[in-house]
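So the structure is just underneath, and the comments pick up after that.
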């Protein structure tokens, strides 16, 4: 996906860009409202991430302009304020959602997914691997003429495998990406979700195989 | 609770007292003035009549054949009034030689210039008023001065004076009553602007810090202008503290966000298990501190807003729908099913931001603690005069220890090890609910799971 990140804190911006790139997203960073307007004029984005306090104005001004221009790109506001009135304010101005800094990228992805789902999706949210088609937004798996609805963790786990077929993922890495850091879960919890995915994939030629001592990988 | 006001004296009472004292003094003065004027007028009129009577006698004195003939005219005495009331005396002398009348009634001699002299004296045990008139008379050898003295007792005069006295007393007293009435009215109308000001200030909402603009009397201008400037300063410092809360959040959260994002990126790259464990712990610590910072700020914000509560009508079901919608991504992350149950139409009076904060905290808690693939149900029910917001889950519930009060600051249940939390969540909820005159109850359901109920008075 292509993101526009409007954030004046250089370090935070760089960190977010780096983190999103890990998941294969393309991110442009604007450090001011003027920058952001230039970016918006020259490129199409799937999603805009907007900070509120910017050096040349209030992010809410941009939001109002953006909506006035009838630009359909969804906007998620990044706010450092905990005050709810702020959050309510940005939603009234037409933001699709907001997230409070510092945020968990799992929550961030969940919010992006929800926003994009509401907006009717983006190009390329369907991935085909062998005989199965996976809709990352809707969380549906299309196998042998059947649509299987995945639950959130199954979905995220499957997404990890689908995005890098053939790559081996250790249980520990999968735990980190599937569970929030404040949950105490053993690595064995992964086995449950892998088991469920395997059950969904029984009618497909694709399968998740165990690589002894290393982890799991998707074989198409 | 409004602080106690120390009262010393009352402007109105003071004003009334001063006016009454003034009125009483004036009334007494009026009484004496009227009385003395009346006495003087009565005296003068009596003197005039006595003089007229004496003149009539003198005028009737005629010299016939060298003898003085005096025919006492009836009118000379009848003009002195009701004879049955008063006794009248007279004496006629020629060159100090007694001719007729009462010999012991001696004329009053003045310095001699004026032909009429008046005086008061005791005569036969009574006070009398006398008038003496002289006229030269020509009798040949016996020529000389004819002297007529007329006197009258003063009973009638005294009675008349007593009547005047009573009248002037009544005039003074009614003057006093009238002034007292006017004083009360004046005092009331003088203090009315103060009452009006006090009423208009106390009628205001807690957040209404606009200056007083209604016109006030000049005497109250210094008070109102210092009140206005005080409110100005208060408004300023309130705005500052609100600004501070937001600023503090920004300052604390942005660097935390940088560190957390970096740590997460690092964790994706690190392979060695012990390093992974370290980074994971770092992320947990960051989460813990950012959550604590957030809740401390929430706590400050809630305290601030609860102190300045300006209630508005809140559609609770609509608020719940919005909140559930915005918390859904969070619940989905944990495969927790967050659902809206029964939503009975209901309105409560309150601060929308605070109520939202409280409800969010409760739902957040439920999602956090209900465990893997749990369920959270939120419903709004009407219970008579109350509206209940119920959040139920199918998790492990609250600890059984009845001694532990989870509403206390930093108190956390004993069965939540391994879950990040500050122990401020329920404290904030409780604070919000109590600021709205409601109650917070938490219990465990018989079939297992926690149940948190916020009750608000409905409006």
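Values quoted throughout were computed directly from the atomic coordinates according to the rules given, and no laboratory measurement underlies them. In this text, all values refer to a predicted model and were calculated from it rather than measured experimentally. Quick reminder, even Gly has a Cβ in these numbers, built from the backbone with ideal geometry, and neighbours come from all protein chains shown.
For chain B, the percent of C-alpha pairs falling in each 10 Å distance bin, counted from 0 to the bin holding the largest distance, reads 4, 13, 14, 11, 8, 6, 6, 5, 5, 5, 6, 6, 6, 4, 2, 1, 0, 0. Put a dot 7 Å past the Cα of residue A:186, heading toward its Cβ, do the same for residue A:118, and the two dots end up 4.0 nm apart.
So, R0 is 41 Å and r is the distance between the beta-carbons of residue B:250 and residue B:349; what FRET efficiency does that work out to, to 0.05? Please list the in-between numbers first.
Numbers: r = 32 Å, r/R0 = 0.77.
My answer for the efficiency is 0.80.
Between 0 and 90 degrees, rounded to the nearest ten: what's the tilt of helix B:316-333 against the longest Cα principal axis of chain B? Taking Cα atoms only, the helix is inclined about 30 degrees.
Globularity index of region B:282-398 is 1.14 (Cα radius of gyration / 2.2 N^0.38 Å, N = number of residues).
Rg/Rh for region B:128-196: what does it come to with C-alpha atoms and Rh from Kirkwood?
That ratio is 1.62, to two decimals.
For the Cα trace of region B:226-308, dividing Rg by the Kirkwood Rh returns an Rg/Rh value of 1.27. Label positions at residue B:458 and residue B:306, each projected 7 Å from the Cα along the C-beta direction, are separated by 2.5 nm. Only alpha carbons enter this Debye calculation for region B:1-74, each as an equal point scatterer, and the log10 of I(q)/I(0) it gives at q = 0.11, 0.15 Å⁻¹ is -0.62, -0.77.
Each listed q (0.14, 0.17, 0.19, 0.21 Å⁻¹) maps to a log10 I(q)/I(0) for region A:2-118 from the Debye sum over equal C-alpha point scatterers, namely -0.51, -0.78, -1.01, -1.29. Shown for region B:15-163 is the translational diffusion coefficient from the Stokes-Einstein equation, using the Kirkwood radius over Cα pairs, a temperature of 10 °C and a viscosity of 1.306 mPa s: 92 µm²/s.
Please list the equivalent ellipsoid semi-axes of chain A, computed as the square roots of five times the alpha-carbon gyration tensor eigenvalues, in descending order and whole angstrom.
Numbers: eigenvalues 248, 71, 46 Å².
That gives 35, 19, 15 Å for the three semi-axes.
Given the DSSP H assignment, sum -39500 (n - 2.57) over each helix run of at least 4 residues in the protein assembly as shown and divide by its residue total; what's the result at 222 nm in deg cm²/dmol, nearest 500?
Working: 16 runs with 322 residues, N = 679.
Per the formula, -16500 deg cm²/dmol.
For chain B, the longest principal axis of the Cα atoms and the long axis of helix B:425-435 meet at an angle of about 30 degrees. Peptide A:181-190 shows a mean partner chain C-beta count of 4 within 10 Å per residue C-beta. Taking 0.36 nm per residue of separation and subtracting the Cα-Cα distance, full extension of the segment from residue B:372 to residue B:186 would add 59.2 nm. Mean partner shielding of peptide A:155-161, defined as the number of other chain Cβ atoms within 10 Å of each residue Cβ, is 1.
Roughly speaking, what % of Cα-Cα pairs in the protein assembly as shown are separated by over 40 Å, rounded to a whole number?
Working: 129743 of 230181 pairs.
So the pairs more than 40 Å apart make up 56 percent of the total in the protein assembly as shown.
On the principal axes of its alpha-carbon atoms, region B:85-136 has extents of 33, 21, 16 Å, going from largest to smallest. As a length-normalised measure over Cα pairs under 8 Å and 6 or more apart, the relative contact order of chain A settles at 12 percent.
Measuring r between the beta carbons of residue A:43 and residue A:10 and using R0 = 22 Å, the FRET efficiency lands at 0.60. Look at the stretch A:92-105: the mean tally of other chain Cβ atoms within 10 Å of its residues' Cβ atoms is 4.
Summary value for chain B: 11 percent relative contact order, contacts being C-alpha pairs under 8 angstrom separated by 6+ residues.
Inverting the pair-averaged 1/r between distinct Cα atoms of region A:126-219 gives 13.4 Å as its Kirkwood hydrodynamic radius. What would the Debye formula give as log10 I(q)/I(0) at q = 0.12, 0.23 Å⁻¹ for the alpha-carbon point model of region B:178-280, no solvent? For region B:178-280 at q = 0.12, 0.23 Å⁻¹, log10 I(q)/I(0) is -0.66, -1.15.
Can you compute the FRET efficiency between residue B:104 and residue B:166 using 1/(1 + (r/R0)^6), with r the Cβ-Cβ distance and R0 = 41 Å? Round to the nearest 0.05. List each step's numbers first, then the result.
Numbers: r = 35 Å, r/R0 = 0.86.
Efficiency, rounded to the nearest 0.05: 0.70.
Extending 7 Å from Cα along the Cβ direction at residue A:172 and again at residue A:68 yields two label points whose distance is 5.4 nm. Against the main long axis of the alpha-carbon atoms of chain B, helix B:273-307 sits at an angle near 20°. By the gyration tensor of its Cα atoms, with a ≥ b ≥ c the square roots of the eigenvalues, what is the shape of region B:290-347: rounded for a/c under 1.5, prolate for a/b over b/c, or oblate? It comes out oblate by the Cα gyration axes.
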